[in-house]
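See below for the structure under consideration.
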Amino acid sequence: MTETRIRLVLLVGGFLLVVGTVLSPVTAVIIFMPIIQSIATLGDTDQIHMGLIVVLTLTLELVTPPYGICLLIATQIGGIPTPQAFIAILPLVGMALTIIVAGIVFPGLFLYLPWTLLPGSL
């Protein structure tokens, strides 16, 4: 993967991190996926790779403030204060971000299985 593609996918991932804080993942996919898919095609980025980055990034936003609906529901069920839950989730958010960035820089981490199972179609 060339440096330009890595920058492109990092830009899309950063954009989705910002968008995910104010929109639900379904809404973000409906609004932005046609644009992201066009950008990925123009940048010669694998569609499966871009789809995985989009899904992982928007899924991460389900537990981060201010939208963080899954974390808010979990705090209500568990009966713990929301600020305490946000602090407790920070190491997991850090690990998830590390995995997303590693998948962007080294696309083989995410695409090994598709490359193996579908060698002629990618």
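The values are calculated or read from the model by the stated rules, or taken from the named source; none is laboratory data. Small disclaimer: the values here were computed from a predicted structure and weren't measured. Counting neighbours? That spans all protein chains shown, and the Cβs are built from the backbone with ideal geometry, glycine included.
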Which condition from (1) more than 17 Å from the chain's Cα centre (by Cα); (2) surrounded by fewer than 14 Cβ atoms within 10 Å (Cβ to Cβ); (3) free of Cβ contacts under 8 Å to residues at least 24 places away in the same chain is the one that residue 86 breaks? (2)
Can you find even one residue in region 71-82 that is part of a helix (DSSP H, G or I), among the β-branched types (Val, Ile, Thr) and in contact (Cβ under 8 Å) with a residue 12 or more places away in the chain? no
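One line per residue, one yes/no per condition, for (1) modelled with pLDDT under 90; (2) touching a Phe, Trp or Tyr at 6+ places or on another chain (Cβ under 6 Å); (3) closer than 19 Å to residue 109 by Cα:
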| position | (1), (2), (3) |
| --- | --- |
| 10 | no, no, yes |
| 16 | no, no, no |
| 22 | yes, no, no |
| 44 | yes, no, yes |
| 52 | no, yes, yes |
| 61 | yes, no, no |
| 67 | yes, no, no |
| 74 | no, no, no |
| 77 | no, no, no |
Pairs only if they're at least six apart or on different chains, beta carbon under 7 angstrom, first in region 22-44 and assigned to a helix (DSSP H, G or I) and crowded, with 17+ Cβ neighbours inside 10 Å, second at pLDDT 90 or above and among the hydroxyl-bearing types (Ser, Thr, Tyr); list them, first residue then second. 25/59
